[in-house]
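Read through the structure below, which is laid out as structure tokens, and then see the notes.
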Amino acid sequence: MAQQILQRTAVETPRVAAPALAPMTEPAPELSVILPAFNERANIPMMVERLSRALDGIDWEVIVVDDNSPDGTSALTRDIGSRDRRVRCIRRVGRRGLAGACIEGMLASSAPYVAVMDADGQHDETLLAAMVAKLRQCETDLVVASRYIDGVTDSGFSASRAKASQWSTVLARKLLKVELTDPMSGFFMLRREVIDELAPKLSTQGFKILLDIAATGRDTLRVAELPFVFGARLHGESKLDARVALDFGQLLLAKLSNDAISYRFVLFCLVGATGVGVHMAALYMVHALGVESFGVQQTIATIVAIAWNYVFNNAYTYRDQRLAGWAFVRGLLVFELVCSVGAISNVGVASLIYAGGPSWWIAGLGGAVMGAVWNYAVSAAVVWKTP
Ligand code: GDD
Ligand code: MN
């Protein structure tokens, strides 16, 4: 893979001639260890110390990628870095997300090998030397530290987390054909060219960075696994919450559909599904209230469902570009306006179905689905203005 990538880069990127006399003063280290960190201030000094010990004899650096943690993780890291050039810090502002932090950290490296591990001491750093040795043999592009190679136990997990982890492993292997015993591991090392090549295709959301890399590079990556025991955190608490399950589902869908189905679309569909429920409930109510024409009933239900969809899409689907204050009001008006065209066809479709048969709910559903598709396309373009 390494050779293949080098060749491809040579063709695709216009070559900038290196200054003829650029001297090799101090070359990049052999290994960059990426530590994604959110509120890990208390763990950073210990991590640096542990890495120093474990990587004795290897030229290394550590890059802490902090998402502007309120606890001052960046300031502390830079402070250590001011006295130790092996310690670097990337402070990201206005962004959150483990996968994106890992990708940016890896892309900031000029070392031939990059590793990713938790900043909280849960990953056994003494494995790093063996991982480097594996890559040096030139038969491997990616080395994964696995919690599930025979005989390895998992001391850092609750029973429910262990179950969830096993399930997602099975799904990843069956659906994505990723042959790893632990595709959810947050501890791995790879050749830097791998990430240079794959980065534009990776999702920056969620926790499943390794699974994403393995699935995206499935056909070319040569992978090896080494066993390790997942330890307990030094300080602080886990950032993995219920949203991670959603992230996982989203990644599965994106990979299975060859990126045709995006994170936003999945969320939009979820909101849309609740919107259909709201629509039907509203329709049921006005229907029961005895409102005369079916067209009026469907119109009222549609207005209610559009407002509902707007509020929830603004809160979740477009969480990263949420409209607030007057922009929220303006957004709602624009949303109602552009969707009125959709609503007209919605009512048209529903009335057509209704006229053809006695079932009010099939007619209502048909109209609502029609409206949802329209809403997605139009709102993406003019309300939240995503490219
Ligand atoms: N920059 C940044 N931004 N770092 C983050 C973010 C974020 O939004 N969320 C979490 N991190 C950092 C944490 O500070 C920690 O260093 C590391 O990413 C992993 O997060 P934890 O909160 O420690 O996760 P965990 O220990 O519960 O989960 C472990 O197991 C998962 C598989 O079940 C980790 O190893 C995960 O990487 C792994 O996917
Ligand atoms: Mn952890």
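The values are calculated or read from the model by the stated rules, or taken from the named source; none is laboratory data. All of these numbers come straight from a predicted model, not from anything done at the bench. Quick reminder, even Gly has a Cβ in these numbers, built from the backbone with ideal geometry, and neighbours come from all protein chains shown. These area figures cover heavy atoms from the full protein model, side chains too; ligands, DNA and RNA do not enter into them. Shrake-Rupley method; radii C 1.70, N 1.55, O 1.52, S 1.80 Å.
Inspect region 213-224 for any residue being buried (at least 21 other Cβ atoms within 10 Å of the Cβ), closer than 26 Å to residue 142 by Cβ and within 11 Å of ligand 1 (Cβ to nearest atom) and give the result as yes or no. Within region 213-224 (the criterion being buried (at least 21 other Cβ atoms within 10 Å of the Cβ), closer than 26 Å to residue 142 by Cβ and within 11 Å of ligand 1 (Cβ to nearest atom)), the answer is no, since none of the residues qualifies.
Of the candidates 282, 324, the single residue that is of a type outside the set (S, T, N, Q), without any contact (Cβ under 8 Å) to a residue 40 or more places away in the chain and open to solvent by 50 Å² or more (accessible area, probe 1.4 Å) is 324.
Rundown of residues vs (1) in a helix (DSSP H, G or I); (2) assigned by TED's automatic domain parsing to the domain that holds residue 375; (3) at pLDDT below 90, yes/no style:
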position: 239; (1), (2), (3): no, no, yes
position: 252; (1), (2), (3): yes, no, yes
position: 277; (1), (2), (3): yes, yes, no
position: 283; (1), (2), (3): yes, yes, no
position: 287; (1), (2), (3): yes, yes, yes
position: 295; (1), (2), (3): yes, yes, yes
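Is it the case, given these coordinates, that residue 170 is open to solvent by 40 Å² or more (accessible area, probe 1.4 Å), in a helix (DSSP H, G or I) and β-branched (Val, Ile, Thr)?
On the way: open to solvent by 40 Å² or more (accessible area, probe 1.4 Å): yes; in a helix (DSSP H, G or I): yes; β-branched (Val, Ile, Thr): yes.
It is true that residue 170 is open to solvent by 40 Å² or more (accessible area, probe 1.4 Å), in a helix (DSSP H, G or I) and β-branched (Val, Ile, Thr).
Given the options 105, 100, name the one that is closer than 30 Å to residue 318 by Cβ, buried (at least 19 other Cβ atoms within 10 Å of the Cβ) and at pLDDT below 95.
Values: 105 fails: at pLDDT below 95.
Result of the check over 105, 100: 100.
The residues of region 179-215 that are part of a helix (DSSP H, G or I) and either of a type in the set (A, V, I, L, M, F, W, C) or within 16 Å of ligand 2 (Cβ to nearest atom) (or both), listed by number, are 194, 195, 198, 199, 209, 210, 211, 213, 214, 215.
Filter region 300-320 down to the residues that are of a type outside the set (Ser, Thr, Tyr) and touching a Lys or Arg at 6+ places or on another chain (Cβ under 8 Å), then identify the one that is least open to solvent (accessible area, probe 1.4 Å). Break it down into steps so the answer makes sense when it comes.
Initially, region 300-320 is screened for residues of a type outside the set (Ser, Thr, Tyr), giving 300-301, 303-309, 311-315, 319-320.
Still in the running and touching a Lys or Arg at 6+ places or on another chain (Cβ under 8 Å): 314-315.
Working: 314: 7, 315: 30 Å².
Applying the filter and picking the extreme gives 314.
Can you name the residue in region 110-122 that is open to solvent by less than 10 Å² (accessible area, probe 1.4 Å) and away from ligand 2 (no atom under 16 Å from the Cβ) and, of all such residues, is farthest from residue 65 (Cα to Cα)? Only one residue fits best here, namely 111. Within region 27-82, the only residue that satisfies the criterion of being away from ligand 1 (no atom under 12 Å from the Cβ), of a type in the set (S, T, N, Q) and open to solvent by less than 20 Å² (accessible area, probe 1.4 Å) is 32. Here 207, 187, 157 are screened, and the one residue that is modelled with pLDDT of 80 or more, among the aromatic types (Phe, Trp, Tyr) and within 16 Å of ligand 1 (Cβ to nearest atom) is 187. Taking first residues from region 337-354 that are assigned to a helix (DSSP H, G or I) and partners that are open to solvent by 40 Å² or more (accessible area, probe 1.4 Å) and polar (S, T, N, Q), the Cβ contacts under 8 Å between residues at least 6 apart in sequence or on separate chains come to 343/299; 347/299.
Take the residues of region 24-46 that are of a type in the set (A, V, I, L, M, F, W, C) and within 12 Å of ligand 2 (Cβ to nearest atom): which is nearest to residue 128 (Cα to Cα)? So that I can check it myself, show each step before the final result.
Step one: list which residues in region 24-46 are of a type in the set (A, V, I, L, M, F, W, C), which gives 24, 28, 31, 33-35, 37-38, 42, 44, 46.
Okay, now just the ones that are also within 12 Å of ligand 2 (Cβ to nearest atom), so 35, 37-38.
On the way: 35: 13, 37: 19, 38: 22 Å.
This residue is 35.
So residue 22 clears everything in (1) at pLDDT below 95; (2) within 13 Å of ligand 1 (Cβ to nearest atom); (3) assigned to a loop (DSSP other than H, G, I, E, B); (4) among the aliphatic types (A, V, I, L, M) except one condition, right? Which one? Failed condition: (2).
Hey, can you tell me all the residues within region 258-306 that are within 30 Å of residue 203 (Cα to Cα) and small (Gly, Ala, Ser)? I'd like the intermediate steps shown before the answer.
First, pick out the residues of region 258-306 that are within 30 Å of residue 203 (Cα to Cα): 258-276, 306.
Scanning region 258-306 gives 260, 262, 272, 273, 275.
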